[in-house]
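Visitor: Take a look at the following structure, please.
The values are calculated or read from the model by the stated rules, or taken from the named source; none is laboratory data. Just so it is clear, the model here is predicted, and its values are computed rather than measured. Please note: Cβ atoms are built from the backbone with ideal geometry, for glycine as well, and neighbour counts cover all protein chains shown. The area values use the complete protein model at the heavy-atom level, side chains included, leaving out ligands, DNA and RNA. Shrake-Rupley method; radii C 1.70, N 1.55, O 1.52, S 1.80 Å.
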Amino acid sequence: MNEYLMYIDGNWVGESLQKLEVINPANKQLVGSVPVGGIEEANEAIDSAYDAFQTWSKTTAYERAAYLKRLHKLLLEHKEELAEVMTKEMGKPINESRGEVIYAASFIEWFAEEGKRVYGETVPSHMTEKRMQVWKKPVGVVAAITPWNFPIAMLTRKMGPALAAGCTIVIKPSGESPISAVKLVELCEKAGFPKGVVNLVTGSSSKIGQAIMENEKVRKVTFTGSTEVGKVLIKQSADQVKRLSLELGGHAPIIVLEDADLDIAVKGAMASKFRNTGQTCVCGNRIYVQAQVYEAFLEKFTEAVDALKVGDGMDEEVQIGPLINQKGVDKVASHVANAVQHGASIVTGGKGLTEKEGTFYAPTVLRDVTSDMLVMNEETFGPVAPVQKFETIEEVIKLANHTKYGLAAYVFTESVRKGTRLIEQLDYGIVGWNDGTPSAAQVPFGGMKESGIGREGGREGIEAFLETQYVSIGVES
Ligand SMILES: NC(=O)c1ccc[n+]([C@@H]2O[C@H](COP(=O)([O-])OP(=O)(O)OC[C@H]3O[C@@H](n4cnc5c(N)ncnc54)[C@H](O)[C@@H]3O)[C@@H](O)[C@H]2O)c1
Ligand SMILES: O=C[C@H](O)CS(=O)(=O)O
């Protein structure tokens, strides 16, 4: 069995600790294991990052960029190996895994350069004997806690800006997909990052999280995951007023207006809904179609859904892989059952694929859906597309905004006037307009309401790892 280790203070450690086994959700075979680290290992990593910060923070952005550019090159050179590990440990179809490695590498590349553009400013003084300047400085030791669904990109979306800003980092990946993080850190080691700049701790999330929140050396916690865990971290951060960035859950509406190009709408809805087997934070979770085109959209969309190939993600032809585990299947099944109990009809799918070895659920379309159903209110995180009819734009704005989430939304219309008026009234941090896959390294990614605090990517992405220092300079003659 492949026994992987943690990376602390420039050393691969943890061989004597209990092992956390990683299971392939497509066939329930053992992929490998990582150590079950806890409070002690987390504090060792934090201490190492703190010591390293004293020198790393004093390097220039140009020196730091050189390390990041070597890492970017290594990520692309090792794309196939990284993609295969990712597919085996969390089920993502191999072509999407390859895409994630490229996406992940783009954050490293973009922020390698962005670090060189961390500008301060000179502020006009109101007094002749005073000068005013604003300086930017790295926040300090960063702790990054990440989810299983994008096991490399969610790490580089944090590591890129943090390291470029001059911070050092301790990463805690999900126990569902830790091996991808191990492979990423192996490449950090190959890129030559000094010891302590990047540290990896695997194991007990609650204990490692406790150490992160209780250790004063950690100045910033950046979390990507569920809203429920995000709320736990907010409470834990209060004692030391830890800086927090939170990328949390979503429940994206897809809105199709009567004047939409239905081919574009179907293509965008398919991309948004079924990417990563419906397990992304920005997946369309509910589809609203204006009455005049409801049947036409449903027919085209269902035809596309029925054409999806389901299977082990290592098969190049597969577009829908397994869900991460049986709990994920059970949640999806409960949403479908609840919808049917409340009057929805299954157009296609609607069942677990128990004949397969892994945790598979059939791509599903529901029609005649109403707003009271669980699937229209809770993040499903699976390949289920509930399609609800609406009459007016005013009605669909109310329907779309009626949620605690505010991460992503999608609008399909050919009318600039309608699109503009509609989108400006949507309470979402990300909107795809005739586009089902808006994410990129150079733009701010994040949500409103209970979808998070802050943004990752874009110019705002590096601000999360900087402190602003106002300097008032007396120049009295
Ligand atoms: N907004 C975004 O950018 C974004 C991106 C990806 C996923 N997500 C969200 O993440 C969720 C799916 O990922 P998940 O199942 O890994 O989420 P999760 O919240 O269950 O776990 C996320 C991470 O937090 C850790 N964790 C769990 N409990 C903890 C605790 N008490 N203290 C410290 N760490 C703890 C987990 O081990 C994991 O590493 C979905 O809700 C999805 O919408 C959001
Ligand atoms: O699931 C969350 C990811 O952030 C989705 S994306 O690949 O960044 O769009």
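Visitor: Filter the stretch 211-244 down to residues that are more than 14 Å from residue 45 (Cβ to Cβ) and polar (S, T, N, Q) and give me whichever is farthest from ligand 1 (Cβ to nearest atom).
Guide: Among those that are more than 14 Å from residue 45 (Cβ to Cβ) and polar (S, T, N, Q), it is 240.
Visitor: Could you check residue 414 against (1) open to solvent by 60 Å² or more (accessible area, probe 1.4 Å); (2) closer than 30 Å to residue 154 by Cα; (3) away from ligand 2 (no atom under 16 Å from the Cβ) and say which number it fails?
Guide: Every condition holds for residue 414 apart from (2).
Visitor: Within the stretch 241-250, identify whether any single residue is touching a residue at least 40 places away in the same chain (Cβ under 8 Å), part of a strand (DSSP E or B), under 22 Å from residue 58 (Cα atoms) and under 20 Å from the mean Cα position of the chain (by Cα), and answer yes or no.
Guide: yes
Visitor: Something else: Please state which one of 394, 379, 357 is open to solvent by 50 Å² or more (accessible area, probe 1.4 Å), in a loop (DSSP other than H, G, I, E, B) and assigned by TED's automatic domain parsing to the domain that holds residue 321. Talk me through it step by step, then tell me what you get.
Guide: Numbers: 394 fails: in a loop (DSSP other than H, G, I, E, B); 379 fails: open to solvent by 50 Å² or more (accessible area, probe 1.4 Å).
From the options 394, 379, 357, the qualifying one is 357.
Visitor: Considering (1) without any contact (Cβ under 8 Å) to a residue 60 or more places away in the chain; (2) open to solvent by less than 30 Å² (accessible area, probe 1.4 Å); (3) closer than 24 Å to residue 381 by Cβ, say which one residue 21 fails and leave the rest.
Guide: (2)
Visitor: I'd like to verify a number: residues in the stretch 398-421 that are of a type in the set (Val, Ile, Thr) and within 27 Å of residue 456 (Cβ to Cβ), how many?
Guide: Final tally of qualifying residues: 3.
Visitor: Then there is this: Of everything in the stretch 251-279 that's farther than 13 Å from residue 408 by Cα and part of a loop (DSSP other than H, G, I, E, B), which residue is nearest to ligand 1 (Cβ to nearest atom)?
Guide: Among those residues, the one meeting the criterion is 279.
Visitor: Which pairs turn up if I take residues in the stretch 252-273 that are under 13 Å from residue 301 (Cβ atoms) and look for partners that are surrounded by fewer than 22 Cβ atoms within 10 Å (Cβ to Cβ) and acidic (Asp, Glu) with beta carbon separation below 8 Å, at least 6 apart in sequence or on another chain?
Guide: Listed pairs, sorted by first residue: 260/414; 268/435.
Visitor: Scanning for something open to solvent by 20 Å² or more (accessible area, probe 1.4 Å), of a type in the set (A, V, I, L, M, F, W, C) and either within 16 Å of ligand 1 (Cβ to nearest atom) or in contact with a helix residue (DSSP H, G or I) (Cβ under 7 Å, 6 or more places away or on another chain) (or both), does the stretch 325-339 turn up at least one residue?
Guide: no
Visitor: Let me ask something else about it. Looking only at the stretch 52-60, decide whether some residue is assigned by TED's automatic domain parsing to the domain that holds residue 115, open to solvent by 80 Å² or more (accessible area, probe 1.4 Å) and not in a helix (DSSP H, G or I).
Guide: Quick first cut of the stretch 52-60, residues assigned by TED's automatic domain parsing to the domain that holds residue 115 only: 52-60.
Then keep just the ones that are open to solvent by 80 Å² or more (accessible area, probe 1.4 Å); that gives 55, 58.
From what is left, the residues that are not in a helix (DSSP H, G or I) are 58.
Yes, that holds for at least one residue.
Visitor: What do you reckon, is residue 260 away from ligand 2 (no atom under 16 Å from the Cβ), farther than 30 Å from residue 152 by Cα and buried (at least 23 other Cβ atoms within 10 Å of the Cβ)?
Guide: So residue 260 fits the description; yes.
Visitor: Kindly indicate the residue of the stretch 281-291 that is closer than 19 Å to residue 434 by Cβ and assigned to a loop (DSSP other than H, G, I, E, B) and also farthest from ligand 2 (Cβ to nearest atom) among those meeting that condition.
Guide: So, considering only residues that are closer than 19 Å to residue 434 by Cβ and assigned to a loop (DSSP other than H, G, I, E, B), the one farthest from ligand 2 (Cβ to nearest atom) is 283.
Visitor: Check the stretch 177-185 and report whether any residue there is away from ligand 1 (no atom under 16 Å from the Cβ) and in contact (Cβ under 8 Å) with a residue 60 or more places away in the chain.
Guide: Residues of the stretch 177-185 away from ligand 1 (no atom under 16 Å from the Cβ): 183.
Of the ones still in play, those that are also in contact (Cβ under 8 Å) with a residue 60 or more places away in the chain are 183.
Yes, that holds for at least one residue.
Visitor: Further question: Within 15 Å of the chain's Cα centre (by Cα), modelled with pLDDT of 95 or more and open to solvent by less than 10 Å² (accessible area, probe 1.4 Å): does that describe residue 171?
Guide: yes
Visitor: Cβ-Cβ below 7 Å, separation at least six or inter-chain, first residue in the stretch 147-164 and charged (D, E, K, R) and more than 7 Å from ligand 2 (Cβ to nearest atom), second assigned to a helix (DSSP H, G or I) and at pLDDT 95 or above: which pairs?
Guide: 157/107
Visitor: Okay, moving on. Need the failing condition index for residue 368 against (1) at negative phi; (2) of a type outside the set (Phe, Trp, Tyr); (3) surrounded by fewer than 18 Cβ atoms within 10 Å (Cβ to Cβ), just the number.
Guide: Every condition holds for residue 368 apart from (1).
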